[in-house]
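Below: one structure, written as structure tokens.
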Amino acid sequence: MTESSAATGAPRRHPTAGFRIFEGQATIVMPDGSYIHVLNEIGSRVWDLLNGQRMESDIVDLICEEFEITRDVAEKDVREFLAALEANRMLG
């Protein structure tokens, strides 16, 4: 994460990221041409929640509630997804 989102502990989408959610699937495009196609509804919802105001734990809580999955599974999935976004410079 960049210093701004890391400092607050609240991840947020990179301000230059373009995205579209269609039928529960998000496609994220960066100005440099890199992209991730989110293949499932949970990843798309996590992306939608990355507003710089919610802590990672808040996002996990919402995912548990909305998708009725265990906290362990939600934590692992959210952490891995955020790591992939970070690796592709999609957090800001």
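The values are calculated or read from the model by the stated rules, or taken from the named source; none is laboratory data. All of these numbers come straight from a predicted model, not from anything done at the bench. Cβ placement follows ideal geometry from the backbone for every residue including glycine, while neighbour counts extend to all protein chains displayed.
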(Q) Going by what's in this entry, would Val29 be described as modelled with pLDDT of 90 or more and within 19 Å of Ala87 (Cβ to Cβ)? (A) no
Q. Taking Met55 and the conditions (1) in contact with a Ser or Thr (Cβ under 7 Å, 6 or more places away or on another chain); (2) surrounded by fewer than 14 Cβ atoms within 10 Å (Cβ to Cβ); (3) of a type outside the set (Gly, Ala, Ser), which numbered condition does it fall short on, given that it satisfies the others?
A. (1)
Q. Taking the stretch 8-52, which residues are of a type in the set (S, T, N, Q) and either surrounded by 14 or more Cβ atoms within 10 Å (Cβ to Cβ) or outside any helix (DSSP H, G or I) (or both)?
A. Thr16, Gln25, Thr27, Ser34, Asn40, Ser44, Asn51
